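A quick write-up on the structure given underneath.
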Amino acid sequence: MTDGIILVSDEQAKALQEGFKFAGQGLETARQLGSCLSKIFGTIPEDLIGIAFGDALHIKRGENINIMAAKSAKRLKDMGIETTQEVPLSIGLPLLAAAADENRDELVDLWARLLATAMDPSRSDCLRLKFIEVVRIMDPLDALVLQKLQNMPDGSPTLRNVYSSQLSRSEDEIEISFGHLCELGCAIGNLGKEPSIRNLNLDKVHLTAFGRSLLRALN
């Protein structure tokens, strides 16, 4: 169990800087990264080099992880969770590897939410590895549409023009996100005569059990 800030020594920060191929200004990034990885995994993270990130974690990817981890820490604080638990490598490594490549706010927010859930002793059991796989291939608009679907009663029309207006996106873009969320198993539309994605009635899209479970892990 961990709480507070875990300090990383100069030697450990330099080892991370070298192992992750950070140069020059990367020492502070390496120090911050070492602290957040130690808090997440409960270990000084030199042994994680190359496992999750390949041969090198370049400085931008390290910065992405630090930003996401800071958002996650703030979320935990806002929820009043002062003591967190270590995250299993089977969950933490793929989550951080995916988050390292993401700097779009809508998706950074999803990664931060999933990490907060993984570190919350009362909620970590609801986090599935499949959630990480699905979020990794979402587009930012998919994330916004998914969370709007949460507030739609089952069977109510999910009007594309309403979503289009609320999110300031075209109806075509909204329909594409509806279709993508259906492909990912998060939502389903009324099926036509043949049960294929091409025959879905996207005027009546609603969440699947998987989609509802993903949203519980996010919220």
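Just so you know, all these numbers are worked out from the coordinates, no wet-lab data involved. Nothing here was measured: the structure is a model prediction, and the numbers come from that model. Ideal geometry is used to build each Cβ from the backbone, glycine not excepted, and the neighbour counts take in all protein chains shown.
For the reader, a short list of remarks on this structure follows.
- With 0.36 nm allotted per residue and the present C-alpha distance subtracted, the D105-D78 stretch has 7.8 nm of extension available.
- Amide H to amide H, with H built 1.01 Å from N, V205 comes under 5 Å of T158, counting only residues 5 or more places away or on other chains.
- 3J(HN,Hα) along the stretch 109-122, derived from phi through the Karplus expression 6.51 cos²θ - 1.76 cosθ + 1.60 where θ = phi - 60°, amounts to 4, 5, 5, 4, 5, 5, 5, 4, 5, 5, 8, 8, x, 8 Hz, with x in place of Gly and Pro.
- Of K60/K148; K39/K130; K77/K204; K39/K148, pairs whose Cα-Cα distance is over 26 Å: K60/K148; K77/K204; K39/K148
- Spin-label proximity, L129 to the stretch 92-110 - amide N less than 18 Å from point 7 Å beyond Cα toward beta carbon: 92-99
- Extension reserve of the I188-K148 stretch, reckoned as 0.36 nm per residue once the Cα distance is removed: 13.0 nm
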